[in-house]
Each structure stands twice: as C-alpha cells, then as structure tokens.
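K.L.:
Before I ask anything, let me first share the structure, which is written out below as structure tokens.
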Amino acid sequence: MKLFSFLQIAVLTVLSFTACQKPNDVPVNQVPVADAGSSQTIQLPPDSASLNGSGKDSDGQVVAYAWSEVSGPNTAVILNNGAASTKIKGLIAGIYVFQLLVVDNMGATGTDTVSVTVHAAKIINLSLQPNQNPTEVHVWGNATTLEGSSPPAPEIGALRWTYNGIEVGMRALLKFDLGSIPSDATILSAKLTLYSNPTPLNGDSKKANTGLDNTTLIQRVTSTWVPNTVRWVNQPTATATDQVIIPHTAQPFLDLVNIDVSKFVSAMLSSNSNNGFLIRLQTEVIYNSRIFCSSKYADVTKHPKLVIEYTK
C-alpha cells in the first residue's frame, strides 16, 4: 500500500512538472528594411541617372535585390536590376517611380520606392545675322581668262553670265561663327535665310532671278578657304550629301526663308570643321541667276541669317 502510494506520487509529480513546462519558443524572422535612396531631379540631356539603394536585416542578412519601374512616362532601361545600385537610361521628360525590393536569408522581403523627376532639355535659340561678315565671299571667274573674288561685294549669288562677251560663273562662299555652340550640343534645327537682292549689280542688273533654269544648290563646304585668296580655280571642295536643292523660279525676286540646313550644322560640329556653305547653280548655263544680299548690303535686315536651336 505504501509502495503504490509512493509510485503514484512520483508519477503525479512528473506529470505536474511536464504540464507546467513551456514549449520551446520558435523565433520570428524580422522583415528586412529596403532603402531606395533619395529622390532626385535631372535635366535632359543626359537621359540617364543612378539609383543607389541598400538593405538591412536585423536578424540575418540581405541576400538579393530587385529594381523595377512602378510608373513613368516611358519604360526606362534598368541596366542591373539585381544590384543594390544601378544606372537607368532612356529617360524622357516626366516623373518616374522605381521600387527596390530586398530579400533576406529567410525569404522575407521589404520594399521602398524612389522618384526621379526628369525635366525637358533646355532649348537655346541662337540667331546669327552678322554685319560685314569676314567669312563671306562672292567668287567669280571661268578658270581661263577671268578670275577673281570680291569679299566686300554687297551681294552674293549663283549665276552664269557674260562679261564683255566672255562667259563667267559666279558662286558664293558663306560661313557663320558657330564657336558659341558647345561641342556636346544636340542640334534640333538650323534654318538659313537668304534675301533676294532688290538692287542686283550682276546678271541683267534689274532682276535677282533670271533665266530658264536657275535651280540653285546649297552645299556644305568640306575643305578650308581664305576669303581674300579664294578664286574660281582654287575653290574649296563641297559635298552633295544632304545638299539643298532650291527649285527654279520665274519670280524676279524671291527670298529663301528658313531653308533647313540642320544636317549641315550637325556635321560641322561633329567633325569640328566648320567650312561653311557653297551656293551655286545646279546647271551652270549662261543667263541664269539667283542673287542675294550679302552681309555688306546697306539694309542690315537683309543680311544672310542662320537660326539654330540646340540643347546642351
């Protein structure tokens, strides 16, 4: 009877101790904290920016990162979306939101977002209409009996005529100072305006435009020249690539307004070789003319003008 009571007491004691013991606590994984960095503002160009993110995990470590675009005016290019920091490109004007997701060693995730505001590129308008332009010349001759040039002439043009019974051609070389445009500028547009000379000295001396075919070419000059020494026989070379063709006109006077020479100006800047423009007849046959005011013409509003829009 005593033995039974002793065993009974022992069992009850064990059961009581077990019932009072708490089960082992299961640790709760802490969510990692993502930091997508500070919001930023840029202005085009360039069309890129850097995202600098990070992640922290109080009870483990961050093992993965993932960048994604939440919203924006277009889909940007994320160069390395699996890194804490990455470069983004292909941006246009507008507001972007990017999300950084971090993953810890237990598979928990945390997120944060950052905004990138992109302002449109600043457009600069440059109007060039020099007076007494030193890099402008009226070239004439026929490479045999007559030869010359006239930098001070009040007119420039493209014509073929006779002088004392001798056939003579006339062309114009014209260069504007582009030195104020940064080398990394992007040319949006370049427009050339030439004003028909109301008081022509050459041709029939009555009309600026004469002949059956005064179709005129504006070409980009591809070699250097010096106004005071250039002649018909030593004219610089010019390219027909992207040349502008001005159709024939029967109108005695006709201004050429806002002729698109954007490709010329872009090529001049990209090659760092501004040699200007050549103006000539497409077919140089006598008694055809297109005569314009030069920068020496008395009326300054009729000087050749080049208007350039660019971004930097």
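K.L.:
Only residues of region 229-264 count here: report those whose backbone N is under 17 Å from the spot 7 Å along Cα→Cβ of L146, or say none.
P.N.:
Correct set: 231-234.
K.L.:
So how much accessible area does K206 have, in Å² to the nearest 10, using a 1.4 Å probe?
P.N.:
Accessible area, nearest 10 Å²: 150 Å².
K.L.:
Now, a different point. What do you reckon, how do S183, S196, S127, S54 stack up by accessible area (1.4 Å probe), largest on top?
P.N.:
Sorted by accessible area, descending: S183, S127, S54, S196.
K.L.:
State the Cα centre-to-centre distance between region 45-66 and region 68-100 in whole Å.
P.N.:
What the calculation gives is 13 Å, centre to centre.
K.L.:
Computed on alpha carbon atoms, what radius of gyration and Dmax characterise region 100-167, expressed in Å?
P.N.:
33.0, 99
K.L.:
When N is the residue count of region 24-125, what does its C-alpha Rg come to as a fraction of 2.2 N^0.38 Å?
P.N.:
For region 24-125, the normalised Cα radius of gyration is 1.29.
K.L.:
Using Stokes-Einstein with the Kirkwood hydrodynamic radius over Cα pairs, what translational diffusion coefficient do you get for region 231-309 at 37 °C and a viscosity of 0.692 mPa s, in µm²/s rounded to a whole number?
P.N.:
Approximately 218 µm²/s, per Stokes-Einstein.
K.L.:
Using the Cα atoms of region 69-211, I'd like the radius of gyration and the largest Cα-Cα distance, Dmax, both in angstrom.
P.N.:
So, for region 69-211, Rg and Dmax equal 29.9, 99 Å respectively.
K.L.:
Under a plain spin-label model, where a point goes 7 Å from the Cα along Cα-to-Cβ, how far apart in nm are F253 and T75?
P.N.:
That separation, rounded to one decimal, is 5.8 nm.
K.L.:
By a straight-distance test (C-alpha under 16 Å), which lysines pair with K305 as possible cross-link partners, with residues fewer than eight away in the same chain excluded?
P.N.:
K175, K191, K296
K.L.:
Ok, one more. What number comes out for the charge environment of F98, summing +1 per Lys or Arg and -1 per Asp or Glu over other residues with Cβ under 11 Å away?
P.N.:
Values: positive: none; negative: E69, D112.
With Lys, Arg at +1 and Asp, Glu at -1, the neighbours total -2.
K.L.:
To continue, here is another question. For K302, give me every one of the aspartates and glutamates with a C-alpha distance below 19 angstrom, ignoring sequence neighbours fewer than eight places off in its own chain.
P.N.:
Those aspartates and glutamates meeting the cut-off are E136, E155, D177, D255, D260.
The values are calculated or read from the model by the stated rules, or taken from the named source; none is laboratory data. Quick caveat, the model's predicted, so the values are computed rather than measured. Glycine gets a Cβ as well: all are built from the backbone with ideal geometry, and neighbour counts include every protein chain shown. Accessible surface areas use protein heavy atoms only, side chains included; no ligands, DNA or RNA. Shrake-Rupley method; radii C 1.70, N 1.55, O 1.52, S 1.80 Å.
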